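Engineer: Encoded as structure tokens, here's the structure I'll be asking about.
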Amino acid sequence: MSRTRVHNFAISLDGFGSGEPQSFEAPFGHAGERLHEWMFATRFWDADGGSVGVDHAFAVRHGDGFGAEIMGANKFGPPGWQDDDDWKGWWGPNPPFHTPTFVLTHRPRPSIEMEGGTTFHFLDASPAEALEVARAAADGQDVRLGGGASVIRDFVAAGLVDQLHLVQVPIVLGRGTRVWDGLEALEQDYDIEAVSSPSGVTHLTLTRKVSAQS
């Protein structure tokens, strides 16, 4: 059965998945690229000089078993992108998703077909409605929940996420968008495994308990 999974989503020690304010010049606000430096150092990202340790082993699974992606409006673009008819995301002509990708926005627009198998579709839908559409597009494969933090939080709160791989980075942001807000006692519904890396990050894998599955 198709699962809904979060993979390679980085958070700070205090649980923020991005800083603020987000802009075209600063997609992650005052966090800059600090949340993702662990990935940049891996062979997954740097084929010539990257490491092949724990971080690479997690990072390289980015595309494994996924047939569709759901992301929030703030992952697709900076504030105001809905007013730019030419905006096609941060990633250039060949985005890294290579699947149907569903962008949650209150201002839908026509779908955009990109190179490499990515097609962006724009939905004004609840988490459950969006997941139903994405699962149909995934054709039996898993659905990746790409973020940002508020989207992940909403889907977890709705009981729709089967597995989360979160990378806890040893920085404190103090402000931004947090994953954990409102998710009290999450550990009651998920088995949690923590793997520490020499880079200083901790890979947290939360897998929904069988008793908590709907």
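Engineer: For segment 121-130, indicate whether the set of residues that are in contact with a Phe, Trp or Tyr (Cβ under 6 Å, 6 or more places away or on another chain) and among the hydroxyl-bearing types (Ser, Thr, Tyr) is non-empty.
Structural biologist: no
Engineer: Mind listing just one residue for me: the one in segment 149-176 that is in a loop (DSSP other than H, G, I, E, B) and touching a Pro at 6+ places or on another chain (Cβ under 7 Å) and, of those, surrounded by the fewest Cβ atoms within 10 Å (Cβ to Cβ)?
Structural biologist: Ala158
Engineer: Also, quick follow-up: For segment 61-77, enumerate the residues that are modelled with pLDDT under 95 and hydrophobic (A, V, I, L, M, F, W, C).
Structural biologist: Once the filter is applied, which keeps residues that are modelled with pLDDT under 95 and hydrophobic (A, V, I, L, M, F, W, C), segment 61-77 yields nothing.
Engineer: Of the residues Gly200, Gly176, which is more than 26 Å from Gly89 (Cβ to Cβ) and either out of contact with any Lys or Arg (no Cβ under 8 Å at 6 or more places or on another chain) or of a type in the set (A, V, I, L, M, F, W, C) (or both)?
Structural biologist: After ruling out the rest, the residue left standing is Gly200.
Engineer: Of everything in segment 25-48 that's part of a loop (DSSP other than H, G, I, E, B) and of a type in the set (Gly, Ala, Ser), which residue is nearest to Asp14 (Cα to Cα)?
Structural biologist: To start, the set of residues in segment 25-48 that are part of a loop (DSSP other than H, G, I, E, B) comprises 25-28, 32-33, 41, 43-48.
Checking which are of a type in the set (Gly, Ala, Ser) leaves us with 26, 32, 41, 47.
Values: Ala26: 20, Gly32: 16, Ala41: 23, Ala47: 31 Å.
It comes out as Gly32.
Engineer: Let me ask you something else. Could you run through segment 98-139 and say how many residues are touching a helix residue (DSSP H, G or I) at 6+ places or on another chain (Cβ under 8 Å) and hydrophobic (A, V, I, L, M, F, W, C)?
Structural biologist: 7
Engineer: If Met1 satisfies all but one of (1) closer than 19 Å to Thr207 by Cα; (2) aliphatic (A, V, I, L, M); (3) in contact (Cβ under 8 Å) with a residue 12 or more places away in the chain, what's the number of the condition it fails?
Structural biologist: (3)
Engineer: Here is a further query. Pick from segment 180-210 the residues that are assigned to a helix (DSSP H, G or I) and either in contact with a Phe, Trp or Tyr (Cβ under 6 Å, 6 or more places away or on another chain) or touching a residue at least 12 places away in the same chain (Cβ under 8 Å) (or both): which of them is surrounded by the most Cβ atoms within 10 Å (Cβ to Cβ)? Show your work before the answer.
Structural biologist: In the first step, residues of segment 180-210 are kept if they are assigned to a helix (DSSP H, G or I); the result is 186-188, 210.
Add one more test, that the residue is either in contact with a Phe, Trp or Tyr (Cβ under 6 Å, 6 or more places away or on another chain) or touching a residue at least 12 places away in the same chain (Cβ under 8 Å) (or both), and what stays is 186, 188.
Numbers: Leu186: 15, Gln188: 9.
By that ranking, first place goes to Leu186.
Engineer: Is it the case that Phe66 is crowded, with 17+ Cβ neighbours inside 10 Å, touching an Asp or Glu at 6+ places or on another chain (Cβ under 6 Å) and under 19 Å from Asn8 (Cα atoms)? Talk me through it step by step, then tell me what you get.
Structural biologist: On the way: crowded, with 17+ Cβ neighbours inside 10 Å: yes; touching an Asp or Glu at 6+ places or on another chain (Cβ under 6 Å): yes; under 19 Å from Asn8 (Cα atoms): yes.
It is true that Phe66 is crowded, with 17+ Cβ neighbours inside 10 Å, touching an Asp or Glu at 6+ places or on another chain (Cβ under 6 Å) and under 19 Å from Asn8 (Cα atoms).
Engineer: Output the residue which, of all residues in segment 56-76 that are part of a helix (DSSP H, G or I) and touching a residue at least 40 places away in the same chain (Cβ under 8 Å), is nearest to the chain's Cα centre (by Cα). Even if it seems obvious, please write down each step before you answer.
Structural biologist: Looking only at segment 56-76, we keep the residues that are part of a helix (DSSP H, G or I), and these are 56-63, 73-76.
Retained after the next criterion (residues that are touching a residue at least 40 places away in the same chain (Cβ under 8 Å)): 58-59, 61-62, 74-76.
Details: Phe58: 14, Ala59: 12, Arg61: 13, His62: 10, Asn74: 11, Lys75: 8, Phe76: 11 Å.
Checking each candidate, the answer is Lys75.
Engineer: Another question, then. Just to be sure I understand, how many residues within segment 13-24 are in a loop (DSSP other than H, G, I, E, B) and under 15 Å from Asn74 (Cβ atoms)?
Structural biologist: Number satisfying all stated conditions: 6.
Engineer: Based on this model, can you work out whether Leu35 counts as surrounded by fewer than 16 Cβ atoms within 10 Å (Cβ to Cβ), touching a residue at least 12 places away in the same chain (Cβ under 8 Å) and within 16 Å of Gln168 (Cβ to Cβ)? Break it down into steps so the answer makes sense when it comes.
Structural biologist: Working: surrounded by fewer than 16 Cβ atoms within 10 Å (Cβ to Cβ): no; touching a residue at least 12 places away in the same chain (Cβ under 8 Å): yes; within 16 Å of Gln168 (Cβ to Cβ): yes.
No: the conditions fail for Leu35.
Engineer: Mind checking which pairs have a first residue in segment 117-130 that is in a strand (DSSP E or B) and a second that is crowded, with 20+ Cβ neighbours inside 10 Å and not hydroxyl-bearing (Ser, Thr, Tyr), Cβ under 6 Å, 6 or more apart or different chains?
Structural biologist: Thr119/Pro100; Phe120/Val103; His121/Phe102; Phe122/Val103; Leu123/Phe102; Leu123/Leu104; Leu123/Ala130
The values are calculated or read from the model by the stated rules, or taken from the named source; none is laboratory data. Everything quoted here is computed from the prediction, not taken from an experiment. Heads up, the Cβs are rebuilt from the backbone with ideal geometry, glycines too, and the neighbour counts pull from every protein chain shown.
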